[in-house]
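Peer 1: Quick one: the structure is below, questions incoming.
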Amino acid sequence: MEQELRNIILSTTPSGYMGPTYSIKHEELDGIVGVQMEGDLATIETIPPVKHGKLNLNDDAEVETCASSYSRKRQRNFENWKNIKAKVARNKGQMYTTCRTNQQVPARAVGKACKCGCFDKLGIVNIKEIFDYFWEIGDYDLQNAYISNLVTSVKIKRSRVKDRPSRQTRRLSYTLIHNNTVYSVCRIAFYNIHSISDRRVRTALEKQCAPGIIELDKRGRKITSKISQVRRQSAIDHIDSFPKVSTQDSEAKSPHMEYLPSDLNVNTMYALYLDWLNANGSEIQPVSNHYYRDVFNSEFNLGFEKLNNMGHPVNG
């Protein structure tokens, strides 16, 4: 999520377009570049356009790099999952293949022009820039914020209904911004320029809590029975406390793997983990054996020393 927000904040906007300020309800956005936290709200500010969509860093700019780490078993690579790839492509308006039905969905494109001349008023070049900017955002929540900022509910100026109050008291007003100029367009033009449906606009408006503040999309975000970081860290600290053994043979064959004494195994270590928490009088609820084993496999690259008939280690 952080990397996606960085890309959105640093992306090039349409010529002369000063992006609005969006606020999103999310507690995990604190500390991200371009995000200001106020309580449980995150204010995401767009910056001036960057030439060619790239950020020019100074020589003294600090760039964080993540060192490669090794674990006992391979890590999950979310970016290469079929459903994640389809989701990313869908949010960018690109062609993708559905995971369940295996059907190919074509890429988004600007729709047909309306009959009231909105396309002529904007021009095809400006329309293409607006379309590209919207889909280059690539994030469902920020796209909703963009839509809710341009679609507003206004009172109707007059009613044609006689002898009774009109059931329609408000209507939606659609606007577009380009070169610091605000254009009022019709509903069909707004939908076709962005290649979105009526349902997408309604959803964006329903998630709007206040002007400039939207509720995050909650689909797929619920994690049942999530283990707290404190409990997970207790398992990490306990596994890390065991002394490692090594030989020249093991270091040569497996330079990135460390070994524990041969009299240990994961079940024995878990039993010692429970005793360790009780002995320290810790109020931390212990993790399960299965979770302890998962931490052992994902956070460490550890093996158990093997001995031959002569009692010499045969690791590697």
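The values are calculated or read from the model by the stated rules, or taken from the named source; none is laboratory data. Quick caveat, the model's predicted, so the values are computed rather than measured. Positions of Cβ are backbone-derived with ideal geometry, glycine not excepted, and every protein chain shown enters the neighbour counts.
Peer 1: Quick one: residue 281 ticks every box in (1) more than 30 Å from residue 140 (Cα to Cα); (2) exposed (fewer than 11 other Cβ atoms within 10 Å of the Cβ); (3) modelled with pLDDT of 90 or more except a single one, so which number is it?
Peer 2: (3)
Peer 1: Identify, from the list 245, 151, 201, the residue that is within 30 Å of residue 266 (Cα to Cα) and surrounded by 14 or more Cβ atoms within 10 Å (Cβ to Cβ).
Peer 2: The unique qualifying residue is 245.
Peer 1: Considering every residue within the range 211-223, establish whether at least one is of a type in the set (A, V, I, L, M) and assigned to a helix (DSSP H, G or I).
Peer 2: no
Peer 1: What is the number of the single condition among (1) modelled with pLDDT of 75 or more; (2) more than 33 Å from the chain's Cα centre (by Cα) that residue 181 does not meet?
Peer 2: In the conditions (1) modelled with pLDDT of 75 or more; (2) more than 33 Å from the chain's Cα centre (by Cα), residue 181 misses (2) alone.
Peer 1: Additional query: Which residue is modelled with the highest pLDDT, if the candidates are limited to the range 210-223 and must be within 21 Å of the chain's Cα centre (by Cα) and more than 22 Å from residue 87 (Cα to Cα)?
Peer 2: 213
Peer 1: Still on this structure, please answer the following. Give the range 115-127 a look and list any residue that's exposed (fewer than 14 other Cβ atoms within 10 Å of the Cβ) and more than 14 Å from residue 186 (Cα to Cα), or say none.
Peer 2: Selection gives 123, 124, 125.
Per-residue answers, yes or no, for (1) modelled with pLDDT of 95 or more; (2) within 21 Å of residue 80 (Cβ to Cβ); (3) of a type in the set (S, T, N, Q); (4) over 23 Å from the mean Cα position of the chain (by Cα):
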{"site": "98", "(1), (2), (3), (4)": "no, yes, yes, no"}
{"site": "108", "(1), (2), (3), (4)": "yes, no, no, no"}
{"site": "115", "(1), (2), (3), (4)": "no, no, no, yes"}
{"site": "132", "(1), (2), (3), (4)": "yes, no, no, no"}
{"site": "136", "(1), (2), (3), (4)": "yes, no, no, no"}
{"site": "144", "(1), (2), (3), (4)": "no, no, yes, no"}
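Peer 1: For the range 186-211, how many residues meet the condition of being within 19 Å of residue 130 (Cβ to Cβ) and not aromatic (Phe, Trp, Tyr)?
Peer 2: 14
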